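The numbers here are math on the coordinates, done by the rules we state, and not lab data. This one's a predicted model, so the numbers in the text were calculated from it and none came from an experiment. Cβ: placed from backbone, ideal geometry, glycine included. Neighbour counts: every protein chain shown.
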Amino acid sequence: MANESTCANSSAVTGVTRAAAVKEHARLQGFDACGVAAAGPADPGGKLREWLERGYHADMDWLARTSAIRLDVREKLPGAASVVVVARNYYKPAPPEAQGQDRTVPLPSSEATGAVARYAWGRDYHRVMAKPLKRLAAYIDTLEPGAQSYASIDSGPVLERTWAERAGVGWVGKNSLILRRDMGSWFCLGAIITTARLEPDHPTPGYCGSCRLCIDACPTGAIVEESVVDARRCISYHTIENRENIPQSVGSRMGGWVFGCDICQEVCPWNRKTPVSDEPDFEPRPGQAAPDLKELAQSDEDAFRARFSGSPLMRAKHAGMVRNARIAIQNVEQAEPGR
Ligand code: B12
Ligand code: SF4
Ligand code: SF4
């Protein structure tokens, strides 16, 4: 595979081959892709600062609070020399209960089930990836005397997409996600900051070309310019992170989405041929990919916990999911009066 770094074969431990050994170990840990970047300032172009200044982070103040660390991995790990980025494919085909849903639009399904982002159909990816990533970090530490590493998935103060792009793991698509020609964007990222010196990969070129399907398909206009998402308009932000009321301008365009949103990925041509993930933990759990809206809206906290414990849906909390289901029900009723 040209440019997009995959997991390579080697077990030698010097220079270029050290990076190759890391990639082979990443493959053994189940990761589908792995690349290496040289540590340093993450965002010389000031894109993160500008994004924050424009308020695109909505109320995710933790992004602003940790921005100094995000801007330079050496703030997190003094002496950091390399950033290893891994990707884990989570693509599973829709289970029968979600097959009637048109996931490229915000319309509610006629079955009055909610739509859930594909990454959240199975077990929480943080849990799935944590141990393999820690094992990979421990392996990297053996490559150089005294080497230290910091492993992070999603919640750590690391600009994962920037590092993924630099490490040749994929390119930043116009929907702002990292894409690969062999997997589309149906994967989660993890990063390891390390003091070990590993031979860096080259960034991969972008393959969006003149396409702008994701920008045109976004029902709320959240992709305000190529590769830039305003979270204040993003259904994913409102259904997962927002703890307050969802503004009418977004709620009325959410359709049946009750957790996350995949519209800007479902329409992407690179996502048509993603191989099915070999991770059993990403197998859709019963009722999780397309929960019954009325059941969800009427659920009590205990029932919610019993059903979704260990899944990404817990992030939105019971109150958030009930709120989302109520909005989706209103949208169904408006689309099909008298239901
Ligand atoms: C905050 C956050 C969100 C927010 C804000 C989204 C956003 N676009 O920033 C919300 C809640 C909306 C969100 C939604 C989603 N998220 Co999110 N999110 C994050 C998180 C925690 C931080 C992102 C961040 O720092 N944003 C700030 C902006 C400024 O940074 P950035 O977009 O990464 O931009 C950098 C580069 O992309 C580059 N860049 C920016 N613009 C441009 C333009 C050009 C032309 C170029 C070349 C480069 C470039 O420079 C920037 C600064 O260095 C990351 C995990 C992490 N720690 O990184 C996950 C992460 C990005 N999310 C992820 C996912 C899966 C999603 C969803 C698909 C979930 C869903 N199905 O609902 C949606 C997608 C929405 C979308 N189109 O972005 C994955 C992405 C995997 C992938 N294949 O890329 C991540 C990496 C989590 C993970 N570990 O897997 N997310
Ligand atoms: S996740 Fe949905 S709302 Fe957010 S940018 Fe993509 S299509 Fe738009
Ligand atoms: S839909 Fe088109 S523009 Fe958007 S990320 Fe995919 S290829 Fe790029």
- Message: For segment 248-317, which trypsin sites (Lys or Arg not before Pro) pass both filters: DSSP loop (anything but H, G, I, E, B) and at most 13 other C-beta atoms within 10 Å?
- Response: Arg272, Lys273
- Only Lys, Arg, Asp and Glu count, each charged at its Cβ (+1, +1, -1, -1), so figure out the dipole size of the chain about its Cα centre, rounded to 20 debye. 320 debye
- Message: Sequence gap at least 6, Cα distance under 8 Å: using those rules, report the relative contact order of segment 54-180 to the nearest whole percent.
- Response: 26 percent
- Note on the structure: So, over other residues within a Cβ distance under 14 Å of Lys131, counting Lys, Arg +1 and Asp, Glu -1, the net charge is +2
- Taking the Cα centre of segment 93-177 as origin and charging only Cβ (+1 Lys, Arg; -1 Asp, Glu), how large is the dipole, in debye to the nearest 20? 120 debye
- Message: Would the chain count as rounded, prolate or oblate if I go by the C-alpha gyration tensor, calling it rounded below 1.5 in a/c and otherwise prolate when a/b exceeds b/c, oblate otherwise?
- Response: prolate
- For a footprinting-style exposure proxy, rank Leu179, Leu159, Leu28 by other Cβ within 10 Å, fewest first. Leu28, Leu159, Leu179
- Message: Using Cβ counts within 10 Å as a stand-in for footprinting exposure, how do Tyr207, Tyr56 rank, fewest first?
- Response: Tyr207, Tyr56
- Item | Charge sum, other residues only, whose C-beta stays under 14 Å from Glu225's C-beta, Lys/Arg counted +1 and Asp/Glu -1 | +1
- Message: Using the crude model of +1 on Lys and Arg Cβ and -1 on Asp and Glu Cβ, and no other charge, please compute the dipole size for segment 140-268 relative to its Cα centre, in debye to 20.
- Response: 320 debye
- Message: With the crude spin-label approximation of a point 7 Å out along Cα→Cβ, what separation in nm comes out for Lys317 versus Lys273?
- Response: 4.5 nm
- Item | Over segment 188-339, relative contact order from alpha-carbon pairs under 8 Å, at least 6 apart, % | 25 percent
- Ranking of Met129, Met314 by count of other Cβ atoms within 10 Å, fewest first: Met314, Met129
- Query: So, in Å, what gap is there between the alpha-carbon centers of segment 290-313 and segment 104-182?
  - Reply: 24 Å
- Item | Computed helical MRE - 222 nm, the chain, DSSP H runs ≥ 4 contributing -39500 (n - 2.57), nearest 500 | -8500 deg cm²/dmol
- Task: Could you work out the relative contact order of the chain, using alpha carbon pairs under 8 angstrom and six or more residues apart, expressed as a whole percent?
- Result: 25 percent
- Item | Charge context of Pro247, other residues only, Cβ under 11 angstrom, K/R +1, D/E -1 | +2
- Message: Give the residue list of GluC sites (Glu not before Pro) in segment 234-293 that are DSSP loop and have at most 11 other beta-carbon atoms within 10 angstrom.
- Response: Glu244
